[in-house]
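First up is the structure itself, then whatever we jot down about it.
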Amino acid sequence: MKKTILHKMPLAIAAAATPITSFAAETEMPANVLEMLKDSEVSINTVWMLLAAMLVFFMQPGFALCEAGFSRTKNTANILFKNFVDFTLGSVCFWLVGFGVMWGASGAGFMGMPEWGSLDFLEAPGGLPIEGFLMFQTVFCATAATIVSGAMAERTKFSMYIVYSLLISLVVYPIEGHWTWGGGWLMNGEEGSFMMNTFGYTLHDFAGSTVVHSCGGWLALIGAMILGPRRGKYGKDGKSRAIPGHSLTLASLGVFILWFGWFGFNPGSQLAAFGEDNRIAISHTFATTNMAACTGGLATLFFSWIRYGKPSLSLTLNGILAGLVGITDGCDMVSIGGAACIGLICGIIMPLSVEFIDHVLHIDDPVGASSVHGVCGFVGTLCTGLFATEGGLFYGFGWGFLGAQLFGALVVGAWAIGCGLVIFKGIDMIHGLRVDARIEEEGLDIYEHGETAYNA
């Protein structure tokens, strides 16, 4: 018997899934006309969902170009290759196991049952084709895995990268995704549930500030910590030394592509485009997403200008991404003004986080993934509890919703950090995460793959 997940999706999705049915209950119309309208509704919603999935998929080259640009020439092919592995391997693993673990039925709300490639256990929301829903969820899973690669760039064994990318797609992301999106305990809004008894609210994460970005960011931080810094990153005095990437052109293009793809990431999570309510919801999410990106970039631009004497393009690029990550949680619940504030907050916190992780913790993250995705994903989730027009503290709704957001972000963060410690430390002890010093010095492209990105 198939299980419907309509009740397990964000309220906006569930409400938007049946406008025709609601209209039909209030009016009389011939059965054939009603059927045609229902079919049109599902078809339009399906096209929108698949278009959004395409946009999120297009974020993969964005990540690849961004990571490659922030890294050195000698490791470019390796970085590009890893981004292909994330999606190809991740898609297979998520279809075979991860999708069932994330969306399958569970007794205690911890995890669903693996279905080994079967999709018969589930009905997608609003009558959407289950294969299309699988694809939409797959591109989100691939994004979580891809975030890790940038933080561990330039010194990780390619074979071991395959191992931990596989585990993220099989276990780490699907289990916490079940807690948050798949009907697990963090989103159980039934009377008497833990979240409702404790906070009066469940965790809200519309498009994945915590579920996707923060999870990937914390994994990236732990991976970079266990891996250790690149050779020459820190001097004998412990001071950090800059290791510039080889192409801000590639990095800039990558950020533009990511920005473009985010319009599938956030508005696409509505999963419906038919009807006035959905038109308004999608348009609103577009506006809040773009505003946060703009204010995030501007905040970092002026922060770097004031702090370092010159505006930094590389930091500003990450500031734009920080704003995008921060707004991804509450893009449906905050006003455009609230989105601007979230972008500003994340755009200032991000460079401070980069400094702290680099100069204080001495963790070498070449692309700033830990700060952009981990820290700003966490901050963005909290900001929803502050700026949400329904439930937000700043709108007079008390501390309950903010508490739920904080608790959910901490739980997912603890899960990601714990899994990261087990996975990366285990791999390092069994086989070693890091390439030999000579390989790192001369570049991973030749030694790991026998080819280079630039042959001129």
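Readers should treat all values here as calculations from the given coordinates under stated rules, not as data from a laboratory. Model, not experiment: these values are computed from the prediction. As a convention, Cβ positions derive from the backbone with ideal geometry for all residues, glycine included, and neighbour counts pool all protein chains shown.
Evaluated over the chain, the count of Lys pairs having alpha-carbon atoms less than 24 Å apart is 14 (only pairs 8 or more residues apart or interchain). Distant-in-sequence amide contacts of R434, defined by a placed amide H-H separation under 5 Å and a gap of 5 or more residues or a different chain, comprise K157.
For the chain, which longest stretch is free of loop sites, where a loop site is one of the GluC sites (Glu not before Pro) that DSSP puts outside H, G, I, E and B and that has at most 14 other Cβ atoms within 10 Å? Looking at the chain, 192-389 is the longest stretch - no exposed GluC sites (Glu not before Pro) with at most 14 other Cβ atoms within 10 Å. Taking each residue as 0.36 nm, the span from L166 to W399 lengthens on full extension beyond its C-alpha to C-alpha distance by 80.0 nm. Relative to the longest principal axis of the Cα atoms of the chain, the long axis of helix 215-227 makes an angle of roughly 20 degrees. Which listed residue (F265, Y234, P244) has the Cα farthest towards the positive end of the charge dipole for the chain, taking +1 on Lys and Arg C-beta and -1 on Asp and Glu C-beta about the Cα centre? Positive-most Cα among the choices belongs to Y234. Around V422, under 15 Å between beta carbons, what's the net of Lys plus Arg minus Asp minus Glu among the other residues? Result for the local shell: -1.
Taking other residues whose beta carbon is less than 10 angstrom from the beta carbon of S149, and scoring Lys, Arg as +1 and Asp, Glu as -1, yields -1.
Our summary gives segment 3-449 a relative contact order of 22 percent, counting only alpha carbon pairs under 8 angstrom and 6 or more residues apart. Full extension of the chain between T198 and W305 gives 34.1 nm of extra length, using 0.36 nm per residue less the Cα-Cα distance.
In terms of surrounding Cβ atoms within a 10 Å radius of their Cβ, F303, F63, F407, F356 rank from fewest to most as F356, F407, F303, F63. Relative to the current alpha-carbon distance between A108 and A414, full extension at 0.36 nm per residue lengthens the span by 108.3 nm. Computed from Cα atoms, the angle from the helix 59-69 axis to the main principal axis of the chain rounds to 10 degrees.
Counting other beta carbons within 10 Å of each residue's own, what order do K233, K239 fall into, fewest first?
So the ranking, lowest neighbour count to highest, is K239, K233.
For helix 130-151, what angle does its Cα long axis make with the longest principal axis of the chain, in degrees from 0 to 90 and rounded to 10? Tilt relative to the chain: about 20 degrees. Think of it as helices only: each DSSP H run of n ≥ 4 in the chain is worth -39500 (n - 2.57), and spread over all residues that comes to -19000 deg cm²/dmol at 222 nm.
When both segment 235-274 and segment 427-456 are represented by their alpha-carbon centers, they are found 24 Å apart. Between the amide H of L122 and those of K3, distances stay under 5 Å, these residues lying 5 or more places away or on another chain, with hydrogens modeled in the peptide plane. When each of I349, I168, I280 is scored by the number of other beta-carbon atoms lying within 10 Å, the sequence from fewest to most is I280, I349, I168.
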